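All remarks here apply to the structure that follows.
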Amino acid sequence: MRPEKRHFITLLFAVLLLLGLSFPANCNIPDGSIPSPQSHFGFTPGDDRMLFNYEEMISYLKLLEEISPNVKMEQIGFSEMGRPMYLYFVSSADNIANLGRLKDINRQLALEPELSDIQKKTLVDEGKVFFLMTLSMHSTEVGPSQAAPLIVYEMITSEDPKMQFILDNTVYMITPSHNPDGMNMIVENYKQYKGTMYEGSSMPGVYHKYVGHNINRDFITLAMSENDAIATAYSKEWFPQVSVERHQMGSRGPRYYVSPPSDPLSENILPGLWNWKRIFGSRALTAMTDAGLQGVSVNYLFDMYWPGNTSTSLWKGVIAMLSEAASVDIASPIYIEPNELSVTGKGLAEYEISINMPDPWPGGWWHLSDIVEYERVNTMSYMYTAAIHREEILRHRNEITRKEVERGKNEAPYYYILPMRQHDKSELADLVNLLDKHGVNSYSLLTDQVIDNRIHKAGDIVVPLAQPYRAFIKEVMESQKFPVRHYTTGGDMIRPYDITSWSLPLHKGVEAVEINTKYEIPAIAMERVNIPFAFAENIASDYTGVLFTANSNESYKAAFTALDMGIKVERLSEDYKIEDREFPEGSFYIASHRNLENLLKDLLVQPYYLTVSMEAEKKTLQMPRIALVESWFHDMDAGWTRYLFDTYKIPYSVLRPVDLQDANLTQDFDLLVLPDQSQSVLMAGKGGSPGSYTITRYPPEYAKGMEKKGLNNLLSFVDKGGKVVSWGRSTELFMGNLAIERENEEKQEFSLPVTNIGTRLRDQGLLVTGSLLKVDLRQGHPLTLGMPEKTGVFHRGNPVFATSFPYFDMDRRVIATFPKDNILMSGFIENEKLLSEEVAMVWVKKGEGQMVFFSFCPQFRGSTPATYKLLFNSLLLE
């Protein structure tokens with residue numbers, strides 16, 4: 001284009017923009033009129049030690065939307081800290097102008113299994129492949145988000161016919177940052193230390209309001225708003241055909257990983273989806289190697305068994321993939337010596353030329369710009385593959401839908417039926433609403449149905465498997481059985497990448513009846529449930545008070561919320577029966593109050609409305625002053641605890657381990673909560689274990705523990721009447737020989753009547769890979785109020801407790817015990833017999849104080865509501 005013509009069009013664009021008009025959709029915009037990332041940011045994304053934050057990135061992408069007819073931005077929600085989240089679409093001008101129609105085509109192909117051949121052909125001929133890419137959910141993995149402006153700019157300014165072919169046949173659809181809050185935290189922290197000896201050091205705390213790295217472990221429960229927004233986009237709104245979740249990995253292995261994954265795989269996924277992942281991965285491996293990018297690997301490290309990340313869309317018919325780039329120190333370059341390069345063994349046993357890494361990287365300097373370039377080339381390869389296979393991919397999406405519905409009709413299980421009679425009805429309602437978030441339809445029986453000699457009552461909830469998302473339904477509703485695979489025949493088992501249990505009914509404590517006998521419930525015998533689903537009862541107009549059963553998690557939430565609102569709450573000291581309703585000890589009573597209806601209107605399960613005086617014995621509920629001990633070491637479990645407390649309106653203060661040295665615990669707090677964190681971090685502010693500490697990458701002001709002084713303060717707090725609730729690794733603080741040094745220099749040495757035998761059991765062959773295990777609960781104890789006699793706990797095999805006869809001023813009670821046999825409920829365990837009748841939870845008295853020790857995380861990743869009440873009761877101990 002001649003300079004004078006380019007100048008004229010640029011001036012025309014400027015005038016149109018000033019007048020509030022857009023550029024004509026059929027007009028090619030000259031490159032010079034679109035600001036480059038370099039001109040906008042003042043540096044080229046990927047430059048050493050240079051980063052833009054979330055708002056700076058979004059401002060550039062919004063500018064491109066104003067300028068170019070090839071892009072569109074749509075807000076889809078908010079982050080946990082209130083930042084807007086977006087989908088960003090890039091395609092041809094015609095496709096962008098026609099997004100509404102293309103969205104409807106996606107929906108029909110994804111959800112309508114009975115399209116005629118003519119209908120399908122029409123949709124395929126007109127449709128485009130939507131490729132969703134979610135960027136940098138782990139905020140230390142800055143490369144994908146930093147690369148995004150360069151990729152978008154190239155796509156909308158390139159005059160390469162290949163690029164035009166991509167734009168004509170696909171829609172590039174990204175979340176510019178999956179974790180906006182974390183992105184800003186990391187950028188700010190990096191800039192703070194840039195140019196100092198701590199440049200590239202670890203950011204203290206979690207890079208998210210709550211969960212940090214665990215934002216990638218939440219795509220079943222959708223507890224985090226960021227994940228809810230993205231899951232809604234692919235499950236219920238845009239129905240993309242292909243997706244990739246973009247990450248970074250360790251620095252000393254392959255430079256890049258692309259699909260397909262390693263074993264084990266989910267057995268609920270149809271084989272066609274695995275095959276398409278291989279096609280995309282193979283073409284990317286070829287394209288990236290041809291571009292001179294070394295160290296690209298496939299079939300390496302990352303399995304596809306557990307559905308907890310964005311790639312959970314695979315279970316919904318999406319060709320869902322993962323990419324991983326080798327990391328730098330945030331944005332600072334690193335140098336890797338050849339002898340430092342290694343692999344883990346899954347897919348690659350040696351760091352050498354192999355079919356899974358045909359061109360190893362030899363070592364040397366590795367820059368953020370390298371990551372950006374790998375991201376760019378991989379993106380273009382993926383988009384070109386989607387473009388050349390457009391028709392096949394669109395047909396495949398509808399074929400998956402047709403096959404899944406057919407499987408639901410002809411293969412067991414056929415239904416999951418959720419009886420209305422549940423121990424915790426609020427968790428049943430929450431489960432139905434969660435399934436709806438995932439795009440799964442639930443129905444209510446209108447008439448009784450007899451199946452396998454069991455009567456399923458009118459009103460029971462039915463989840464048919466004959467739905468487009470059958471694979472997802474089965475995956476999250478069944479009890480998990482880990483598919484054991486080995487590296488060689490008779491060799492070592494291939495360990496799972498993460499956990500092995502996520503069954504929603506079991507984790508929630510909801511009974512779900514799996515129907516494996518072929519039986520068709522007549523369509524006229526059920527109707528779609530209304531969403532949000534709740535147990536519909538009108539708020540009484542005249543009542544003296546309300547009763548909330550202790551069996552329900554929502555009852556605790558209502559009680560805690562009422563206290564937060566300044567409303568008096570009382571707790572029953574005995575069982576109580578009125579009319580045909582039974583309320584166990586620990587249930588909550590709230591007298592009529594002017595603000596009570598604000599609490600009642602949004603409940604999933606309405607309380608019982610009393611019109612007479614309350615005659616049962618009860619005590620006024622007092623919320624203790626709670627301190628939550630959270631380290632600076634990316635303490636995700638503490639973050640999940642904060643999330644649970646905030647959700648349930650439980651007030652708390654955060655203390656860092658070092659704060660325990662000088663805090664006046666007795667004066668300021670009634671109860672301390674120590675979530676799952678290593679003894680070495682809590683005590684010394686270091687990694688490793690006592691006697692073999694490792695130095696961390698945190699600035700020194702954050703690498704501090706409680707030391708002996710803080711532990712003495714903590715034990716003194718208990719001795720004087722304070723309470724401690726501890727679970728997982730933090731319980732090690734209280735095992736073995738302990739001492740309290742008093743102000744008069746008197747020293748009391750003691751051992752609590754509880755020890756951890758988990759390490760011994762592990763050495764004897766116990767292996768629990770993040771599974772749901774059955775425990776028997778001590779009945780009639782304040783800690784088990786509202787709980788059934790048995791429940792499932794999420795366990796990793798260590799710690800496991802043993803108690804002993806107490807002496808001096810100590811006592812103990814076993815609260816939860818593994819049964820003699822049939823311990824595994826969901827997941828995987830080796831040598832289960834080693835856990836037979838061992839202790840999973842114990843109450844301990846020391847001096848005037850009390851301690852509760854869990855061998856499991858009662859709030860694991862916000863996904864184990866079945867054990868929430870054990871934690872809530874621990875907080876309410878008197």
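The values are calculated or read from the model by the stated rules, or taken from the named source; none is laboratory data. In this text the structure is predicted, and so the values were computed from the model without any measurement. When we count neighbours, we look across all protein chains shown, and the Cβ atoms used for this are built from the backbone with ideal geometry, even at glycine. Ligands, DNA and RNA are excluded from the accessible area calculation, which covers all protein heavy atoms including side chains. Shrake-Rupley method; radii C 1.70, N 1.55, O 1.52, S 1.80 Å.
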Log entry, pairs with first residue in the stretch 863-878 being closer than 21 Å to Asn214 by Cα and outside any helix (DSSP H, G or I), second being open to solvent by 10 Å² or more (accessible area, probe 1.4 Å) and of a type in the set (Ser, Thr, Tyr), beta carbons closer than 9 Å, six or more apart or on different chains, reads Ser863/Thr221
The number of residues in the stretch 839-878 that are open to solvent by 10 Å² or more (accessible area, probe 1.4 Å) and either under 11 Å from His795 (Cβ atoms) or basic (Lys, Arg) (or both) is 4
Selection from the stretch 298-339 of residues within 14 Å of Pro360 (Cβ to Cβ), more than 24 Å from the chain's Cα centre (by Cα) and crowded, with 24+ Cβ neighbours inside 10 Å yields Val298
A careful count of residues in the stretch 829-838 that are open to solvent by 20 Å² or more (accessible area, probe 1.4 Å) and assigned to a helix (DSSP H, G or I) gives 3
The number of residues in the stretch 43-72 that are assigned to a loop (DSSP other than H, G, I, E, B) and among the aromatic types (Phe, Trp, Tyr) is 2
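Select, from Glu582, Glu554, Glu570, the only residue that is within 16 Å of Lys869 (Cα to Cα), open to solvent by 20 Å² or more (accessible area, probe 1.4 Å) and of a type in the set (Asp, Glu). Walk me through how you get there before you give the answer.
On the way: Glu582 fails: within 16 Å of Lys869 (Cα to Cα); Glu570 fails: within 16 Å of Lys869 (Cα to Cα).
Only one candidate passes the filter, namely Glu554.
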message: Any residue at all in the stretch 527-537 that's under 23 Å from Tyr868 (Cβ atoms) and buried (at least 18 other Cβ atoms within 10 Å of the Cβ)?
response: yes
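Within the stretch 653-670, which residues are farther than 26 Å from Glu585 by Cα and open to solvent by 30 Å² or more (accessible area, probe 1.4 Å)?
Initial filter on the stretch 653-670 (farther than 26 Å from Glu585 by Cα): 653-669.
The answer is Ser653, Val654, Arg656, Val658, Asp659, Gln661, Asp662, Asn664, Thr666, Gln667, Asp668.
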Within the stretch 770-809, the residues that are of a type in the set (Lys, Arg) and part of a loop (DSSP other than H, G, I, E, B) are Arg778, Arg796
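Filter the stretch 572-596 down to the residues that are small (Gly, Ala, Ser) and part of a loop (DSSP other than H, G, I, E, B), then identify the one that is nearest to Phe548 (Cα to Cα). Steps first, answer last, please.
Taking the stretch 572-596 first, the residues small (Gly, Ala, Ser) are 573, 586-587, 591-592.
If we keep only those that are part of a loop (DSSP other than H, G, I, E, B) as well, we get 573, 586-587, 592.
Numbers: Ser573: 14, Gly586: 9, Ser587: 6, Ser592: 13 Å.
Here the residue is Ser587.
Modelled with pLDDT of 95 or more, among the hydroxyl-bearing types (Ser, Thr, Tyr), exposed (fewer than 15 other Cβ atoms within 10 Å of the Cβ) and more than 21 Å from Gly182 (Cα to Cα): does that describe Ser22? Even if it seems obvious, please write down each step before you answer.
Values: modelled with pLDDT of 95 or more: no; among the hydroxyl-bearing types (Ser, Thr, Tyr): yes; exposed (fewer than 15 other Cβ atoms within 10 Å of the Cβ): yes; more than 21 Å from Gly182 (Cα to Cα): yes.
Criteria not met by Ser22.
Among the residues of the stretch 295-339, which ones are of a type outside the set (Ser, Thr, Tyr), farther than 22 Å from Pro45 by Cβ and part of a loop (DSSP other than H, G, I, E, B)? Walk me through it before giving the result.
Here is the first cut: in the stretch 295-339, the ones of a type outside the set (Ser, Thr, Tyr) are 295-296, 298-299, 301-304, 306-309, 314-322, 324-326, 328-331, 333-334, 336-339.
Filter once more, keeping what is farther than 22 Å from Pro45 by Cβ: 298-299, 301-304, 306-309, 314-322, 336-339.
Matches in the stretch 295-339: Val298, Asn299, Leu301, Phe302, Trp306, Pro307, Gly308, Asn309, Gly317, Val318, Glu337.
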Selection from the stretch 103-122 of residues of a type in the set (D, E, K, R) and either closer than 18 Å to Thr232 by Cβ or touching a Phe, Trp or Tyr at 6+ places or on another chain (Cβ under 9 Å) (or both) yields Lys103, Asp104, Arg107
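Give the stretch 156-172 a look and list any residue that's surrounded by 15 or more Cβ atoms within 10 Å (Cβ to Cβ) and either on the phi > 0 side of the Ramachandran plot or assigned to a helix (DSSP H, G or I) (or both), or say none.
Taking the stretch 156-172 first, the residues surrounded by 15 or more Cβ atoms within 10 Å (Cβ to Cβ) are 156-158, 163, 165-167, 169-172.
If the condition is that a residue be surrounded by 15 or more Cβ atoms within 10 Å (Cβ to Cβ) and either on the phi > 0 side of the Ramachandran plot or assigned to a helix (DSSP H, G or I) (or both), then Ile156, Thr157, Met163, Phe165, Ile166, Leu167, Asn169 are the ones that fit.
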Just one listed residue, out of Pro788, Pro782, is farther than 25 Å from Lys846 by Cβ, open to solvent by 10 Å² or more (accessible area, probe 1.4 Å) and either of a type outside the set (A, V, I, L, M, F, W, C) or in contact (Cβ under 8 Å) with a residue 40 or more places away in the chain (or both), and it is Pro788
Of (1) of a type in the set (Ser, Thr, Tyr); (2) touching a Gly at 6+ places or on another chain (Cβ under 9 Å); (3) surrounded by 24 or more Cβ atoms within 10 Å (Cβ to Cβ), Ser826 fails just (3)
Restricting the stretch 619-652 to residues that are among the charged types (D, E, K, R) and surrounded by 20 or more Cβ atoms within 10 Å (Cβ to Cβ), the one farthest from the chain's Cα centre (by Cα) turns out to be Glu630
Selection over the stretch 73-131 where residues are in a loop (DSSP other than H, G, I, E, B) and touching a Lys or Arg at 6+ places or on another chain (Cβ under 6 Å) yields a count of 3
Filtering the stretch 340-358 down to residues that are open to solvent by 50 Å² or more (accessible area, probe 1.4 Å) and outside any helix (DSSP H, G or I) yields Ser342, Thr344, Ala349, Glu350, Glu352, Ile353, Ile355, Pro358
Item to check | Some residue of the stretch 184-206 being buried (at least 22 other Cβ atoms within 10 Å of the Cβ), more than 14 Å from Ile330 (Cα to Cα) and among the small types (Gly, Ala, Ser) | outcome: no
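Just name the residue that is surrounded by the fewest Cβ atoms within 10 Å (Cβ to Cβ) out of those in the stretch 697-741 that are polar (S, T, N, Q) and closer than 19 Å to Ala684 by Cβ. Talk me through it step by step, then tell me what you get.
Of all residues in the stretch 697-741, those polar (S, T, N, Q) come to 712-713, 716, 726, 730-731, 737.
Imposing the further condition that a residue be closer than 19 Å to Ala684 by Cβ reduces the set to 712-713, 726, 730-731, 737.
Working: Asn712: 19, Asn713: 20, Ser726: 22, Ser730: 26, Thr731: 24, Asn737: 8.
The qualifying residue surrounded by the fewest Cβ atoms within 10 Å (Cβ to Cβ) is Asn737.
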